[in-house]
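Asker: The following block contains the structure, expressed as structure tokens.
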Amino acid sequence: MSTPTLRTWLLATALTLPGAAFAQQTITLYTSQPNTDAQMTVDAFTRANPDIQVDWVRDGTTQLITRLRAELSAGISKPDVLLIADSVTLESLKREGLLQAYLSPERDAYDAELYDAEGYYYGTKMITTGIAYHTRASQQPDSWQDLVNEQYRNQVVMPSPLYSGAALIHLAALTDQAELGWDYYAALKQNGASAQAGNGAVLSAITAGTHPYGVIVDFMAIREAAKGSPIQFVFPQEGVTAVTEPVAILKDAAHPEAAQRFVDFLLSAEGQQLVSEQGYLPAREGIEPPAGFPARDSIQLIPLNAAKALDDADTNKQRFSELFGG
């Protein structure tokens, strides 16, 4: 047997051995998911795609984008895929020509407002912002407008968009609605609402009862309620805003086809079931939500114009600071 033929035979034999695994490609993922969620996501993907290995880096969205820009400037290695908190950040990268379009076949299972029409990024979950209240509070709000009523004076707390990306997106979406707008934020201020640094501070204020009503992301309140904390989350009747933890492929990805398979997996029914198992609301329709959440199709989403939110970000922060302080 000649040497090349022998090598071919040995490789073919090895591939048939139990437990043999040959990762033909390695993609690099930058993600802002919590470490446990990121590991679950990567493990599930590689089980479904054993020929692809995923190296991943986890940090906050701002830190990851700073790192990415530094790498791009230095001309060194960079990620194939981004899975980060919000669509506004990815809209910025899209404008800079740093992303590549991919029309995933899974997109038809999603509301059009949950992904970029040209395929530059796709929302993978819905982390919504709604209202929470202490279970012994005198009122049970079910509307954004309730929070500006006299009964709630000096009792409402919310995260500041100067610190929280979800709060900035919430601000952009609400102020873009004719029935709410900046008049709504002015009314909140007049009614004594206060702004805390982030959602964690809001959670503490509500459960402690220092501010029995608040604006907060869904999973934090729902998880605390499941642990027995005195808090109840409400999806307001006008709808909720959401960050969607979108996924995108870098323009110069070293392995674009493998990156596309990663995107398809996240958007697939299997990938979205994993989202539910992680305790978040799946973006894909038809997937059972985690305990404590209503059915996906019962939740009304207030649309976000990511391009406009990007354009207005600095102005929105300035106007908010003028109302509530920095």
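Asker: Within the stretch 285-296, can one find any residue that is open to solvent by less than 10 Å² (accessible area, probe 1.4 Å), on the phi < 0 side of the Ramachandran plot, within 19 Å of the chain's Cα centre (by Cα) and of a type outside the set (D, E, K, R)?
Answerer: Within the stretch 285-296, not a single residue is open to solvent by less than 10 Å² (accessible area, probe 1.4 Å), on the phi < 0 side of the Ramachandran plot, within 19 Å of the chain's Cα centre (by Cα) and of a type outside the set (D, E, K, R).
Asker: Let me ask another. Can we say Arg107 is loosely packed, with under 14 Cβ neighbours inside 10 Å and not aliphatic (A, V, I, L, M)?
Answerer: Against the criterion (loosely packed, with under 14 Cβ neighbours inside 10 Å and not aliphatic (A, V, I, L, M)), Arg107 does not qualify.
Asker: Of the numbered conditions (1) touching a strand residue (DSSP E or B) at 6+ places or on another chain (Cβ under 6 Å); (2) open to solvent by 10 Å² or more (accessible area, probe 1.4 Å); (3) part of a helix (DSSP H, G or I); (4) of a type in the set (A, V, I, L, M, F, W, C), Ala221 fails exactly one; give the number of that condition.
Answerer: (2)
Asker: If you don't mind, another one. From Leu162, Leu180, Leu168, Leu188, which residue is touching a residue at least 12 places away in the same chain (Cβ under 8 Å), buried (at least 23 other Cβ atoms within 10 Å of the Cβ) and of a type outside the set (Lys, Arg)?
Answerer: Criteria check complete, one pass: Leu168.
Asker: Also, I was wondering about something else. Give the residue, chosen from Val247, Val156, that is in contact with a Phe, Trp or Tyr (Cβ under 7 Å, 6 or more places away or on another chain), crowded, with 18+ Cβ neighbours inside 10 Å and without any contact (Cβ under 8 Å) to a residue 60 or more places away in the chain.
Answerer: The unique qualifying residue is Val156.
Asker: Within the stretch 195-209, track down each residue that is surrounded by fewer than 21 Cβ atoms within 10 Å (Cβ to Cβ) and touching a residue at least 40 places away in the same chain (Cβ under 8 Å).
Answerer: Answer for the stretch 195-209, where residues must be surrounded by fewer than 21 Cβ atoms within 10 Å (Cβ to Cβ) and touching a residue at least 40 places away in the same chain (Cβ under 8 Å): Ala201, Thr207, Gly209.
Asker: What helices (runs of 4 or more DSSP H) lie completely within the stretch 155-212 and have 1 or more residues being touching a His at 6+ places or on another chain (Cβ under 8 Å)?
Answerer: 199-208
Asker: Out of everything in the stretch 37-62 that is more than 18 Å from Glu270 (Cα to Cα) and hydroxyl-bearing (Ser, Thr, Tyr), what residue ends up being surrounded by the most Cβ atoms within 10 Å (Cβ to Cβ)?
Answerer: Thr61
Asker: Tell me which residues, restricted to the stretch 63-103, are open to solvent by 70 Å² or more (accessible area, probe 1.4 Å), part of a helix (DSSP H, G or I) and among the small types (Gly, Ala, Ser).
Answerer: Within the stretch 63-103, Ser73 is the sole residue that qualifies.
Asker: Tell me whether the stretch 46-59 contains one or more residues that are touching a His at 6+ places or on another chain (Cβ under 9 Å), outside any loop (DSSP other than H, G, I, E, B) and either in contact (Cβ under 8 Å) with a residue 24 or more places away in the chain or within 27 Å of Pro294 (Cβ to Cβ) (or both).
Answerer: Scanning the stretch 46-59 turns up at least one residue that is touching a His at 6+ places or on another chain (Cβ under 9 Å), outside any loop (DSSP other than H, G, I, E, B) and either in contact (Cβ under 8 Å) with a residue 24 or more places away in the chain or within 27 Å of Pro294 (Cβ to Cβ) (or both).
Asker: Would you say Arg47 is at pLDDT 95 or above, of a type in the set (Lys, Arg) and either touching a Cys at 6+ places or on another chain (Cβ under 7 Å) or more than 30 Å from Leu168 (Cα to Cα) (or both)?
Answerer: For Arg47, the condition - at pLDDT 95 or above, of a type in the set (Lys, Arg) and either touching a Cys at 6+ places or on another chain (Cβ under 7 Å) or more than 30 Å from Leu168 (Cα to Cα) (or both) - is met.
The values are calculated or read from the model by the stated rules, or taken from the named source; none is laboratory data. Given the structure is predicted, the values throughout are model-derived calculations rather than measurements. Virtual Cβ from ideal backbone geometry, glycine too; neighbours counted across all protein chains shown. The area values use the complete protein model at the heavy-atom level, side chains included, leaving out ligands, DNA and RNA. Shrake-Rupley method; radii C 1.70, N 1.55, O 1.52, S 1.80 Å.
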